[in-house]
Structures are given as C-alpha cells and as structure tokens.
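Reading through the structure tokens given below for one structure.
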Amino acid sequence: MFPKGFLWGGATAANQIEGAYLEDGKGLSTADTLPGKVRFKYLFEPQAYLENEFDYYPSRKAVDFYHHYKEDIALMAEMGYSCYRMSIAWTRIFPTGEEETPNEAGLKFYDDVFDECHRYGIEPVVTISHFEMPLALTKKYNGWIDKKLIGLFEKYAVTLFERYKGKVKYWLTFNEVNSVTALIYHSGGTIVPKGENPLPYGYQILHNQAVASARAVLRAHEIIPGSMVGCMMSYAPVYAHSCHPDDVTAAREQYRDREGFALDLFAKGKYPFYAKRWFAEKNIRLDVTEEELETMRRGQCDFISISYYMSLVSARKEVTGEMTAGNMGGGLKNPYLETSEWGWQIDPAGLRTSLNDIYERYEKPVFVVENGIGVKEILKDDTVEDDYRIAYHKAHIEQMEQAVEDGVEVLGYCVWSPMDIVSNSTGEMAKRYGFIYIDADDEGNGTYRRFKKKSFAWFKKVTASNGSEL
Ligand code: BGP
C-alpha cells in the first residue's frame, strides 16, 4: 500500500528532450558537443568533441520539447502524473555561466513550464544540473576541476530559487553525481590532459560538487522555506559472485566505489571513515579546506534520489566469466537475471534491496526518480504494444511497495521516461523508454508526432489507484 500523497510521475533531462539548443539566448552547453552513436567512444578523450565537427548532435534538437511542452505536459496529466522530474539547462539562464544578469527569455520558458504543470496539479521536481553546463566554463576554467565553479553554480542555483519560489518545492542538485569520477567531461565538463591519471581529477570534481551542492541546500532552505533538496545517485546494488569471503570483499569495494563513497559526501556531509586509506591507495591528494568540510556538514541533502535500472555482480580478481553492460558500466553476468537489448540486467527485487539498504544507512527519505527499460520499437497502427514495459514497471512497483511495507520512507516514483527521448549513453532515439512514442530517428528525421503506447493507459490506472491497480 502506498501512502497518501505518494508522488507518481516521469523524468526527463533538458539536454535529452528540449532541443532549441541556441534559441532565445541559450548558450552552447557541453551536452551540445556530444555526437550521436559515437558519443561514448570519445568519453575518455573528450578533446575530440571540441576539435571535430560531427554530422549530427542529438541534443541540439532532441524531441523539441521546447516547442511541444504544452502538448507533452497535457499528456503527462492524462497519465495522472502528480509530479514531473525535469532539469533546467544552465545555459538558458546563464549562457556562458558568468553573465551579471540572467537571460530573461530562459527564465520565462521555465516559468511557463511550471505554470503548465501546476495547471494540472503536477508538482515539478527540478534537477539543477543534469549532465550539462556552459561550454564556456570548460573552455575558460576546464570545468569543475576549478573551484570557481562552486560560486558560479551557487549564483545559478540562487537565481532559480528566487525566481521559482512558490512554484518549485523539490530540487535535486546534480544528476547521478557519483558518475563524475568516471564521466569527467560528461558530468564535470573537465578535460583530463592526455596521459594523466583521471582519478585525482574525478575525486576533486566530486569534492567541488559536494561543496556546491551543500551551498545550494543551505540557500534553498533560506530562500524557499519548506523546500526539500535531494542528492541524486545512479544506484545499483552490488552482489557477491559467491559466498567466497573474497567475493564479499570485492562486492563491498565495488559498492563503495560506485555509490557508497559519494553517498556519504552528500547524505552524511562528510568523508567516509575509509577515505584515508582509499586516497592513499589511489595516490590521490585533494585540495580540501576546513571551511568546505563545515559547509558540507551543514548542507547535507534532505532526501536521497536514485536512478534504478539494474544490479551488479562482483568477484575476486581470479574469477572470470561472461560480462554484461550497464548504466555507468556493467560487470559479471548474473545467471538469474534477464537483460535488456543493451545488456542492462533487469532486477526488480534489487530495487527493494536498494531502498532498504539506503534507508538503513542514511535514514533519509528516498525518491526513485528514474526507472525504465530502453527497447527497439516500431510504431504499428499508431501505437506500440509494449506489454514488456508494463511488465517491467509492474514488477519494480511491486518491489518498491514491499520496501514501503518494510517501513522505508519512499517519496515517489518517476518512470524514465514519459516519452521517447535521446539516450544519454548512446545518443540514440532507437533506445526507446517512453510511454509515448515519438516519430523521430537517430539522425533527427521524422514528424516528431507523439503516439500513445499501450503502457500509457496502463500507467493511468496505476496513478489513479495510487499503485494498487497494477
Ligand atoms: C541515466 C541518466 C538519464 C538517462 C538514463 C537512461 O544514467 O540519468 O539521463 O539517460 O540513464 O540511460 P540511457 O539514456 O543511456 O539509456
């Protein structure tokens, strides 16, 4: 049984849905430099994104939410959404990140979007930075490796809090912030010089974003009394490959590496007890001040939000076996689980495990802000019979309900995604997550018309029954 007021909705990201990449004063963002299918090919040599001209940039048009937002929000309302998780493009507000005054046309666009949401009683849940930032800050400061970004982010966040006070109560600071130690350009806008060890860069950026996040939490509470500011993590439980004690150790290490370390910074406001050894073994020395540590302590997040797609298997070094892909990287294949066409292991029970583990460790409310399955689909008779998507979400909602029955405080559930949008990791439209099909292909061809899939009517029943009718 889900509690009264449980939030049901869907999630998107500005750079994956809006398009209009230079319209109404918007500046170039790092996401606008990412090409299509080769997008992750250059992930570890991002200089290539700035030096080459590619034939197509999916984020520049995305699915044109910028001009379709009234129609799209009406469709979300028709599915009975009570919340909509979306992100604001920093470059619509501060095109280079350093303007004295914000871009009024950009502020107005999101005013219109929030007003449209409230027309239907939909609560916006706003990600301040979702895998994009002004490209100008990469070019001038090399992104988040420079602590100047902390102040610029605070200025951006305060501008949003002051403008949207009364329209937005729920905020998330950085999308999948634990990805930044791996996706250094993608999440931090920083280019690691060729041949240098990326890890010190990754952990300095994570520190800088933890300080920035804490400052945003403190300012939000000051400007918008009653506001709730969450951190956002890509979360996957890590299972030991066997009961061999060294497999258990390997799983604990991978958990800490993937999410545990970052969660402590944002949800406890401090470095984990094992950090000293962690940094010594990785030969990392951070630039950290006492004042920053104090800010982190005072600016811990109010809740923990997660994307949940899969679980992972970890084993001691000598174990080999079939591998599988995943969000932010895969691992050993789990023989008990099916995978999506992109190799992501489907594990509904892992969601109950994740929610229990997080709540037990941090005793803060948890918000599932992404869960979904990407599938190759073809429109037939103006719809898609996506029974597999209904089965996927039904199974995950059932497990989430078990976590609620266990006593975990879960704030809400947002599917990824209300409609087909640009894939973050592959730049494809072909990896379709939506309950609404969009007629657009990987190269941006199509009518961009919206079509309801079978799951659209199903989700309407879920929201209308507060999750009791699945
Ligand atoms: C998460 C991102 C989302 C979304 C999702 C699906 O990592 O927070 O932005 O993209 O993954 O992944 P993909 O689009 O790569 O299939």
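Quick note: the coordinates plus some simple rules give every number you see, no bench work behind them. It should be emphasised that the depicted structure is a prediction, and the values quoted were computed from it without experimental measurement. Note that each Cβ is placed from the backbone with ideal geometry, even for glycine, and that neighbours are counted across all protein chains shown.
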Lys/Arg Cβ at +1, Asp/Glu Cβ at -1, dipole of the chain taken about the Cα centre: which of Gly444, Tyr433, Tyr336 is farthest positive-ward? Tyr336
Roughly how far apart, in whole Å, are the Cα centres of the range 364-387 and the range 120-149? 26
Whole-Å distance, taken between Cα centres, linking the range 430-470 and the range 1-47: 18
The orientation-averaged projected area of the Cα convex hull of the chain, in nm², is 20.9
Provide the per-residue ³J(HN,Hα) series for the range 188-195, in order, calculated from phi with Karplus coefficients 6.51, -1.76, 1.60 and θ = phi - 60°, each as a whole number of Hz, with x at glycine and proline positions. x, x, 10, 10, 6, x, 3, x
With charges set only on the Cβ (+1 for Lys and Arg, -1 for Asp and Glu), what does the dipole of the chain come to about its Cα centre, in debye to the nearest 20? 620
Extension gain, Arg252 back to Lys270 (0.36 nm per residue minus Cα-Cα distance, nm): 4.6 nm
Spacing of the two label points (7 Å from each Cα toward its C-beta) at Lys165 and Arg277, in nm: 4.7
Tally Lys/Arg at +1 and Asp/Glu at -1 over every other residue whose Cβ is under 12 Å from the Cβ of Asn371; what's the total? +1
For the range 225-247 and the range 288-334, write down the distance between their C-alpha centroids in whole Å. 6
Amide H contacts of Met429 (H built 1.01 Å from N, under 5 Å, at least 5 apart or other chain): Ser423, Asp442
Inverse of mean 1/r across different Cα pairs in the range 332-470, Kirkwood, Å: 16.1
Could you pull out which residues in the range 1-18 have an amide N less than 18 Å from a spot 7 Å beyond the Cα of Glu398, following the Cα-Cβ vector? 1-2
Taking only the Cα positions of the range 139-291, the convex hull volume per residue in Å³ is 137
In order over the range 420-428: 3J(HN,Hα) from phi, Karplus 6.51/-1.76/1.60, θ = phi - 60°, whole Hz, x for each Gly or Pro, gives 4, 9, 5, 5, 5, 7, 10, x, 7
Could you run the Karplus curve 6.51 cos²θ - 1.76 cosθ + 1.60 with θ = phi - 60° over the range 57-66 and give me ³J(HN,Hα) per residue in whole Hz, x for Gly and Pro? 10, x, 6, 6, 10, 6, 10, 6, 4, 3
Would you pull out the residues with amide H under 5 Å of Leu411's amide H, same chain only if 5 or more places away, H placed 1.01 Å from N? Val366, Phe367, Val368
Over the range 7-464, what is the relative contact order in percent, taking alpha-carbon pairs closer than 8 angstrom and at least six residues apart? 17
Checking every Cys Cβ in the chain against the others at 4.7 Å leaves as unpaired Cys83, Cys117, Cys243, Cys414
Would you grab the residues whose amide H sits under 5 Å from the one on Ile436? Only those 5+ places off in sequence or on another chain, please, with H modelled 1.01 Å from N. Met419, Asp420, Lys453
